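Some notes on the structure that comes next.
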Amino acid sequence: MSATLKELELVSEFRYRLEGLSLDEHNSSDLNLLRYIRAREYDLSKAEDMLRKHLQWKRTKGIGLSLVLDYEAPLFLRETYASKLMGFDDVGCPILLMEAGKWDIRKPVNDGLKEELEKLKDQSLERVMWLMRKKGSVQELENEEITQFVAICDWQGFSLRYIMNREVVDFIMEFARSFEANYPERLKAAYNVNAPKVFSVLFNLVKPILSARTLSKIFIFDSNEVAWKKEIFGNLPLSQVLTQYGGTRKDSCAIPLHDQRIVQHLRKNYSGSQNLPIIFEDESEDLQDNNGDEWHDLPSESGDTRLVAP
């Protein structure tokens with residue numbers, strides 16, 4: 001994400017309007033302020049209103065350090081509805097994997113876990129935002145500010161039964177509204193693959209909520225791998241795409257956003273350490289941090305072995 005000279009002039013004017021607001025260094029950067037300006041088509045009054053409402057939304061929902069670092073959703077939710085960090089694109093934008101076709105939201109809704117699922121969703125998004133605070137690139141790109149992420153959404157297994165529930169539909173619609181209102185211009189691209197015909201029913205529900213800018217970044221493909229691999233590989237490095245999607249990264253390298261490796265790196269970031277970003281070394285089976293330290297095996301909650309930061 002880069003800015004034109006005219007856009008930077010607008011950012012300066014926008015910044016003047018925001019005097020008195022408590023914005024940290026990251027969120028007050030030129031490119032992050034520009035996100036709101038673009039989302040409101042360069043209308044500074046509307047952009048200011050959007051930003052102020054976003055800050056109020058975060059206060060109301062309690063989205064802060066405690067949610068990002070300390071909250072733990074029930075294990076069932078973390079393991080079943082996990083988004084995963086796959087890697088980083090050529091400019092350092094995180095690449096997420098969402099196996100959405102497996103996400104039958106009816107169970108947590110029917111079991112009274114809707115609020116916990118919403119908190120898990122908020123936590124996952126905020127963790128992605130923090131992964132962007134310090135460059136997460138596989139290349140050495142100095143002074144590159146990261147403000148966007150890429151998503152690969154796999155819809156294999158999706159059934160219309162998943163959304164034949166009013167509460168589930170309300171949950172999905174509210175997620176779309178919240179994302180559009182509070183994470184403007186965060187999405188760089190969303191590649192929806194293995195989408196069955198019934199996926200159109202779900203997409204048509206949320207489509208009216210999404211802006212033209214967001215819709216222009218959403219790509220939908222059926223199970224024809226030739227078509228979606230051509231699109232993905234034209235925009236993402238093969239070394240950062242899992243083998244199951246035709247890349248060269250081992251499938252086991254996708255890290256759930258609730259994984260302790262993510263949490264520990266974020267804690268280092270909050271404490272001022274320069275150890276972020278997470279760097280994937282393709283020639284090694286292990287992950288390494290920015291100083292070249294290897295990750296070590298520790299047992300996970302489910303008893304298997306996972307790699308966590310030293």
Checklist entry - Which whole-Hz ³J(HN,Hα) couplings does the stretch 245-256 yield from phi under the Karplus relation 6.51 cos²θ - 1.76 cosθ + 1.60, θ = phi - 60°, glycine and proline marked x? => result 10, x, x, 10, 7, 4, 4, 6, 7, 6, 9, x
Checklist entry - Which far-off residues, 5 or more places away or on another chain, put their amide H under 5 Å from the one on residue 153, with H placed in the peptide plane? => result 98, 191, 192, 193
Item to check | Backbone HN-Hα couplings from phi across the stretch 195-203 [Karplus 6.51/-1.76/1.60, Hz, Gly and Pro as x] | outcome: 7, x, 4, 6, 4, 4, 5, 5, 5
Checklist entry - Looking at the stretch 79-269 from every direction and averaging, what is the projected area of its Cα convex hull in nm²? => result 10.8
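Quick one: which of 2-13, 227-238 comes out on top by average Cβ neighbours within 10 Å, and what's the full order, highest first?
Values: 2-13: 12.5, 227-238: 16.2.
So the peptides 2-13, 227-238, ranked by packing, come out 227-238, 2-13.
Convert 37 °C to kelvin, take the viscosity as 0.692 mPa s, use the Kirkwood radius over C-alpha pairs of the stretch 158-255 as Rh, and evaluate the Stokes-Einstein diffusion coefficient in µm²/s, rounded to a whole number.
Working: Rh = 15.2 Å.
D = 216 µm²/s.
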Checklist entry - With contacts defined as alpha carbon pairs under 8 Å and 6 or more residues apart, what's the relative contact order of the stretch 5-61 in percent? => result 33
Checklist entry - Can you give the percent of C-alpha pairs in the stretch 5-61 whose distance is more than 18 Å? => result 24
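Values quoted throughout were computed directly from the atomic coordinates according to the rules given, and no laboratory measurement underlies them. If you're wondering where the values come from, they're calculated on a predicted model, not measured in any experiment. Positions of Cβ are backbone-derived with ideal geometry, glycine not excepted, and every protein chain shown enters the neighbour counts.
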